[in-house]
Every structure is written in structure tokens, then in C-alpha cells.
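Structure first, then comments.
Computed from the coordinates by the stated procedures, all read-outs in this text should not be read as laboratory data. Model, not experiment: these values are computed from the prediction. Cβ atoms come from the backbone with ideal geometry, glycine included; neighbour counts cover every protein chain shown.
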Amino acid sequence: MNIKHHTPWSRLLAALFILLLPLLALPLRAGEATPGLLGIAYGDSVMKKPDGSATFNQADNRAAAWPSGNDYALSLRGLLTAPVTGQVTLRIETSQPARLWFDGHQILVVASGVGSATVDCRAGEARPIMLEYVQTKPPALLRLTWQLPERAFEAIPASALSHDDSDLAALEAAGVKPAVTTLLEVANPDPAQRATLSVLRSSDDLVVRAAIPSVPAFVCDAWCYEGDMKFVSCRDLNGGRLELRHRLTATPGVLVVTDVTPGADTVDFRARLEREDGADGPWPEQPVVPNLCWQLKRSPAFASRPDPYPQFVARCFIFTAQGRVFLDQTDRQKIPALPTDDPRNNPPWIELYGTADQPPMHSEPGDWADYSADRFTLPIVGAVSRDGKYLAAIAGPSAATLCQAWHDCMHIDMPWGSSGQRTWRLKIYAMANDPAKLLQAVSRDFPEIPAQGSNPTNRE
């Protein structure tokens, strides 16, 4: 399985800010705001060398991925929306020089330590805010909190932070391209009854984003695809559906064509092979399989952050002979590519699971995941929301391997179907946290899957 394992932080900013931050910047329609403060990363401490962009849902380096070196700077800007009318006190805790602007005026300069300033806010009114931070020596600490009337200081919630067109214009003026561009927003005739789809691109990565109405505020990403194929085009198929076209690298005349169909609580991916010349063959003997990377980091109820990552692992599940099993209760082998004492190995953040009807498997030294001794009986992997009310999962007709990785992502290593080796299918589910109903839905959609041999278990 060609999992995209997330690069060790050897390059300070490029990989870190694009891959590991909890939210991605989106292009906006006029007047529209999107969550998070828009950040520009600089590869020097004097803000002369812009080196990337990202979106922060918290101004707190303890709650987001953060550079580990020195001689860099960050400029975070966007909108702050208070839930009350009255005076709000903003406080910076920092180990390095930091400056804060509110409504176009500089209100704080802190060389190190703690500083605060009080501003007037109106409930629901978005006001411009900008925070600058310069890192020149260890340690790294930056935290922006607020104190609402008759309240103690507390973290500013993600719902209070956003950015709009003017912040994107500042990004462009600095010579930094937005991290993500939108290629297609699919027209949805009934967003209350079916998922809303869009296609986004970051560098060479292509993502299908789905907002599924059956679970409140649920958004997930499907990276299409990892592996040796190149994106060609996407188009709206009407009725809320879309089509993706990829070209196989090894056989450029052969395309992978994917139809994506939304439902009220599902998104169905169906891929097929086509020749660009329209001929019926010949076909590659072993065509590259679509490796869809399904990610939950955009959905606050499901995402790992701001919790320590092992808490996310404890909400992920597979089905074994014992029923639904949460991954913290499975055997977790250490990541071969990392030192045994690395925090990401204690406990391991990534794990592979083989199927129960095949011999146990093992990874090679230097690989970014190893195989658990626990093996799955059904080709399903998913997660439960932080409050235990909902679940989200992916399933397919078969799988050689399941994977949970630290990008809040899960994979099903599923081969091309037996019908001429030219079809492939995977389906996303989002619903109330009822594993029995999930199994019923999967059995209905994939009748070729054997029935689960034991009653599904459920841990709230």
C-alpha cells in the first residue's frame, strides 16, 4: 500500500505548514469568511522571506504543529468575533517578541512574558486582528487568549477566528500563494438531503471535500489518489455528482475515471479504467490501484486536535471476530522508521491491520507503519466523534490491508474488481453511533461481504 507517510520535520516550514496544520486556507467568494486565522510563514526572523501559508484555528503553538528550529517568523491575520457586547481583554503569553493589532491599531508589544490589552467588541461583529511572532532562540511559546466580561481568561475558540478576501489579498501581496485552490464546487440541488461536494488542489494533491448533512457540521476530505497516477480533470455531472479523471503514469493512454455520488449519509466513489482512444483494450496486467486517503481533520467533532493524538486513535475502530474494536485496544506495533523512544511510538500513531483470512504480515525496517497482530474480518475502518454520538467510516467490497495514520486519515487497500480488473469502489458513511446500523448499510451496499460472525460491540 502506497501510504503517503508524513515527512519528518527536516524541512522546517514547507512540509510542516502545508501537511500538519488542522485547517487549510480556501479561496473565497466576495464577502465570505472561512474559519481560522490566515498565516504567512517566513524563513527568516525579519519577515523578508515568505515561505508558505496555512490556516490556524488556534493562536497557540501548544495546540498546533509548530516549527522546531529558530530564525523564522509568523504573521497571523484575520477576523475576531466575540459572542458578547462589551470590553474583552486580549492576552499574549510568549517567549519571543510578539505584536498584536486589533481593528487596525497596534495594541500590544511583548518582548517576552505576558501582556494584555482591553478592546471594545459587539456581539457577532467580526473585527480585524493580526498577530506577529518572531522565533530566534528556544524555547518557543505563543498563546493568545481572551477574557470575556465576568469570565476568566480562556482559549479563543475556533468559532471566533476567521479570515476573508482582504486577508487573501495580503497573502498575495506578500508573494505567497494560497495553500489550496478550489477547482470545482458541485451544484447541489438539495444540500439538506445529500452531501455537498467540492474539489480542491494543493500542489499536486487533489482532494474531494464532502459536507455530509446526516451529522451536524461534518466535513471530510478524500485525497484522490496516492500512487502513480496524475490528475487530468474534474467536472460536475449534475444532481450533486462529480467526475474525476486521472492518467496512469506507467500506461499514459489508460485513464482512471471516478464517479462520486453523494447521499444523505454517504459518499460513493466508483472508479473504472478507460482508454483515451476509446478502444476496448489492451489493459495493463496489474494497473495501479486507487489509494484513497480519507481524512477527518476538517471536522472538529472527529478531528484529533486539540487532543493528544493517542486520544484520536482511541476513537478509531475496525471489526474483528470480537465485533467492533477500538484501536487503542488492539496490538500496536512501533513505527519501524522512528526511534523506539520517539513520542509518536509511545504509543504508536500509525498502524496497519491485515485480514483475518490471510497469514500475518510484517513490515520492513525503515517503513512508516507495521502490522498489528489483530486482524480484521470486515473491510471497514472508521472513527467515533469526540462526544460519542456519531460515527464515520469507509468500507469497500474487499481489502488486503486497513490503515489508520496520523494525518487523521484512514485507508482501505482494495484491489481492482474481478470484472475484467476494470472496476473499483469505496463508500464513506456518516451516521449516529450505531455499529449495527453501519453493518446493515455496508451489507446492503456490498452484498459480497460476508456477514459479521459476532454481535457488534459499542463503547461510548
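Structure summary
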| quantity | calculated |
| --- | --- |
| Order of TRP294, TRP406 under a 10 Å beta carbon neighbour criterion, fewest first | TRP406, TRP294 |
| Label-point gap, in nm, between GLU172 and ALA152 - each point 7 angstrom along Cα→Cβ | 4.5 nm |
| Order by protection proxy (mean Cβ within 10 Å, highest first), peptides 380-392, 348-360 | 380-392, 348-360 |
| Among 104-110, 217-223, the order from most to least packed when residues are scored by Cβ within 10 Å on average | 217-223, 104-110 |
| Cβ-based exposure ranking for ASP374, ASP367, ASP44, in which fewest neighbours within 10 Å come first | ASP44, ASP367, ASP374 |
| Backbone HN-Hα couplings from phi across the range 108-120 [Karplus 6.51/-1.76/1.60, Hz, Gly and Pro as x] | 8, 9, 10, 5, 5, x, 10, x, 9, 8, 9, 10, 8 |
| Taking the range 304-459 and dividing mean pair separation by its residue count, relative contact order in percent (alpha carbons under 8 Å, at least six apart) | 23 percent |
| Charge context of ASP307, other residues only, Cβ under 14 angstrom, K/R +1, D/E -1 | +1 |
| Charge dipole (the chain, unit charges on Cβ, about Cα centre) - positive-most of GLY253, TRP349, SER95 | SER95 |
| ³J(HN,Hα), Karplus 6.51/-1.76/1.60, whole Hz, each residue of the range 72-83, x for Gly, Pro | 9, 8, 10, 10, 10, 9, x, 10, 10, 10, 7, x |
| LEU242 long-range amide H proximity, modeled H, under 5 Å | LEU237, VAL260 |
| Long-range amide H partners of LEU184 with built H, under 5 Å | VAL199 |
| Ranked by how many other beta carbons lie within 10 Å on average, peptides 246-253, 118-125, 317-324 from highest | 317-324, 246-253, 118-125 |
| Label-point gap, in nm, between GLN440 and TRP101 - each point 7 angstrom along Cα→Cβ | 5.7 nm |
| Residues SER198, SER233, sorted so that the one with the fewest Cβ neighbours within 10 Å comes first | SER233, SER198 |
| Inter-label distance for ARG201 and MET361, nm, one decimal - labels placed 7 Å from Cα along Cα-to-Cβ | 3.2 nm |
| Derived scalar couplings ³J(HN,Hα) [the range 84-93; Karplus, 6.51 cos²θ - 1.76 cosθ + 1.60; whole Hz; x for Gly, Pro] | 9, 9, x, 7, 10, 9, 9, 10, 9, 10 |
| Centroid-to-centroid separation of the range 321-397 and the range 219-241 [C-alpha atoms, Å] | 26 Å |
| Long pairs among LYS48/LYS137; LYS334/LYS427; LYS48/LYS230; LYS230/LYS437; LYS297/LYS427, criterion Cα-Cα beyond 27 Å | LYS334/LYS427; LYS48/LYS230; LYS230/LYS437 |
| Among ASN291, LEU391, THR401 - extreme Cα towards positive end, dipole of the range 283-409, charges at beta-carbon | LEU391 |
